[in-house]
Structure formats: C-alpha cells, structure tokens
Amino acid sequence: MPRPASVIIGLSRTISPVRPNADPVIGTKLADRYEILAELGRGGMGVVYRAKDPVLNRDIAVKLIPPGNLTKDAEERFQREAQIVAQMDHPSI
C-alpha cells in the first residue's frame, strides 16, 4: 500500500457519515472534505487514519484524538507534534 502524500493533524468534532463500517470513523467525511479510508495505526494519543483529500486528489494521514484524551497537556503536545510534522519535507512522507 503506498504511503499517504501528506499528513493532516487536527482536532475535529465534525464527522459526517459516508457509509457504514465496523470502525465508525472509517467511511466518514471529516470537516466535509477528508474521506476516512482505513486505520493506519494507534498510539497513546489517538488513532491515525488513511484518508483521501478530494480537493488535492491525494492520500493523506489524519490523526484523531478521542475527546476523553483531550487534556491541556495533550492539546499542547498535539500542537507541538503538528508543528513538527508541518516542517517535514521528504518524498516518503
């Protein structure tokens, strides 16, 4: 499976259904744009999903943090992670 072309990291509570699936996030549309296709991995903060950006016509990765994990420290850590990922520039990412 090819790697996503870019990474989107964000906190979003706007998810609309596209089709039913065992994982309720897979098959949904995030922020009325990103179509969640599959789970890529899980970690201490949340879950990373493979998604499709129809506007830019490319695959991306989306990391979602469950609301129960959203503490002030977790939000700050998430923000730092997003800033670091935004600086990355490599053909394999």
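The values are calculated or read from the model by the stated rules, or taken from the named source; none is laboratory data. This structure is a prediction, so every number in the text was calculated from the model and none was measured. Cβ coordinates were reconstructed from backbone atoms using ideal geometry, including for glycine residues, and neighbour counts include every protein chain displayed. Ligands, DNA and RNA are stripped out before the accessible areas are found, and what is left, the full protein with its side chains, is counted by its heavy atoms. Shrake-Rupley method; radii C 1.70, N 1.55, O 1.52, S 1.80 Å.
When restricted to residues that are touching a residue at least 12 places away in the same chain (Cβ under 8 Å) and basic (Lys, Arg), the range 36-93 contains 5.
Scanning the range 72-93 for residues that are of a type in the set (Val, Ile, Thr) and part of a helix (DSSP H, G or I), we see that the one that is modelled with the highest pLDDT is Ile84.
The residues in the range 56-71 that are assigned to a loop (DSSP other than H, G, I, E, B) and open to solvent by less than 30 Å² (accessible area, probe 1.4 Å) can be counted, and the count is 1. For the range 41-55, give me each residue that is open to solvent by 40 Å² or more (accessible area, probe 1.4 Å), modelled with pLDDT under 95 and within 19 Å of Ser92 (Cα to Cα). Val48, the sole residue that qualifies.
Collect the residues in the range 60-93 that are of a type in the set (Asp, Glu) and in contact with a strand residue (DSSP E or B) (Cβ under 9 Å, 6 or more places away or on another chain), keeping them in residue-number order. It would help to see each step written out before you state the result.
Of the residues in the range 60-93, the ones of a type in the set (Asp, Glu) are 73, 75-76, 81, 89.
Selection gives Glu81 alone.
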